[in-house]
């Protein structure tokens, strides 16, 4: 199963990717992780990406596609993959299509998780976690059972991500929407796009994706 997952920050892509990865025994591939891994492994194209990043330059599409190409050739992708964070533009989508064609592959589905920006802002901006064990909480949806004490490890130190604030979240949504909007008709025209309502609970979203992918 070869999939692309679309969805704004905080929509639950990571959770659904874990389900899909386990279901089909395929890896969840994010562009950020692949770039860092290629750099750490010291591959030729990884070193090229490292030079660009250290110079403060954007990594061009051809380099990103090259890194994806290397990653797809590894054994754990034999049953497929889940791409997250790529493509972001129609040009990248074309490049991905060409790459897969060269490898004798094609995408099976493009899943778009649709959610309300306002609800996501509420979800993300209220997140905090235990500084010691990393367990997550939320101002509104999941407070510790004892105020100021972690349910898991009993620590009393908590932290919030600096970018989990409304202004930053809105900017990330605006960027995502601007990038993704042109891609939806692109994949719709190929009869690959499958929108999913991301507003219900995790189990309901999972059930809808299972239905789309014909998982009994």
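The values are calculated or read from the model by the stated rules, or taken from the named source; none is laboratory data. No experiment lies behind these values; they were computed from the predicted model shown. Neighbour counts run over all protein chains shown; Cβ positions are idealised from the backbone, glycine included.
So in the range 155-175, with the set limited to residues that are touching a residue at least 12 places away in the same chain (Cβ under 8 Å) and out of contact with any strand residue (DSSP E or B) (no Cβ under 9 Å at 6 or more places or on another chain), which one is surrounded by the most Cβ atoms within 10 Å (Cβ to Cβ)?
Restricting to residues being touching a residue at least 12 places away in the same chain (Cβ under 8 Å) and out of contact with any strand residue (DSSP E or B) (no Cβ under 9 Å at 6 or more places or on another chain), the top hit is 169.
List, please: which pairs have Cβ atoms under 7 Å, are six or more places apart or on different chains, and start with a residue in the range 132-154 that is within 26 Å of residue 201 (Cβ to Cβ) and end with one that is exposed (fewer than 11 other Cβ atoms within 10 Å of the Cβ)?
What qualifies is 151/145.
Where residues in the range 75-97 are in a loop (DSSP other than H, G, I, E, B) and in contact (Cβ under 8 Å) with a residue 40 or more places away in the chain, which of them is surrounded by the fewest Cβ atoms within 10 Å (Cβ to Cβ)? Write out each step before concluding.
Filtering the range 75-97 down to residues in a loop (DSSP other than H, G, I, E, B) leaves 78-80, 85-89.
Cutting the leftovers down to in contact (Cβ under 8 Å) with a residue 40 or more places away in the chain gives us 79-80, 85-89.
On the way: 79: 12, 80: 19, 85: 17, 86: 21, 87: 26, 88: 19, 89: 15.
It comes out as 79.
Which condition number in (1) more than 19 Å from residue 78 (Cβ to Cβ); (2) surrounded by fewer than 18 Cβ atoms within 10 Å (Cβ to Cβ) is the one that residue 12 fails?
(2)
Going through 58, 35 one at a time, which residue ends up being free of Cβ contacts under 8 Å to residues at least 40 places away in the same chain, more than 22 Å from residue 195 (Cα to Cα) and either within 11 Å of the chain's Cα centre (by Cα) or part of a helix (DSSP H, G or I) (or both)? Full working, then the answer.
Numbers: 58 fails: either within 11 Å of the chain's Cα centre (by Cα) or part of a helix (DSSP H, G or I) (or both).
Going through 58, 35 in turn, the sole match is 35.
Select, from 20, 3, the only residue that is under 22 Å from residue 210 (Cα atoms), in contact (Cβ under 8 Å) with a residue 40 or more places away in the chain and either in a helix (DSSP H, G or I) or out of contact with any strand residue (DSSP E or B) (no Cβ under 8 Å at 6 or more places or on another chain) (or both).
Numbers: 3 fails: either in a helix (DSSP H, G or I) or out of contact with any strand residue (DSSP E or B) (no Cβ under 8 Å at 6 or more places or on another chain) (or both).
None of the others qualify; the one that does is 20.
Which one is modelled with the highest pLDDT among residues in the range 106-129 that are out of contact with any strand residue (DSSP E or B) (no Cβ under 6 Å at 6 or more places or on another chain) and surrounded by 15 or more Cβ atoms within 10 Å (Cβ to Cβ)?
Going residue by residue through the range 106-129, those that are out of contact with any strand residue (DSSP E or B) (no Cβ under 6 Å at 6 or more places or on another chain) are 106, 115-125.
Going one step further and asking which of them are surrounded by 15 or more Cβ atoms within 10 Å (Cβ to Cβ), we end up with 115, 117, 120-125.
Numbers: 115: 87, 117: 82, 120: 81, 121: 84, 122: 81, 123: 79, 124: 81, 125: 83.
Per the criteria, the residue is 115.
So, in the range 177-189, how many residues would count as being surrounded by 12 or more Cβ atoms within 10 Å (Cβ to Cβ) and either without any contact (Cβ under 8 Å) to a residue 40 or more places away in the chain or assigned to a helix (DSSP H, G or I) (or both)? Please lay out each step first, then the result.
Here is the first cut: in the range 177-189, the residues surrounded by 12 or more Cβ atoms within 10 Å (Cβ to Cβ) are 179-180, 182-184, 186-188.
From what is left, the residues that are either without any contact (Cβ under 8 Å) to a residue 40 or more places away in the chain or assigned to a helix (DSSP H, G or I) (or both) are 179-180, 183-184, 186-188.
Going through the range 177-189 one residue at a time, the tally reaches 7.
Output the residues belonging to the range 18-74 that are more than 24 Å from residue 6 (Cβ to Cβ), modelled with pLDDT of 90 or more and either in contact with a helix residue (DSSP H, G or I) (Cβ under 9 Å, 6 or more places away or on another chain) or crowded, with 20+ Cβ neighbours inside 10 Å (or both).
none
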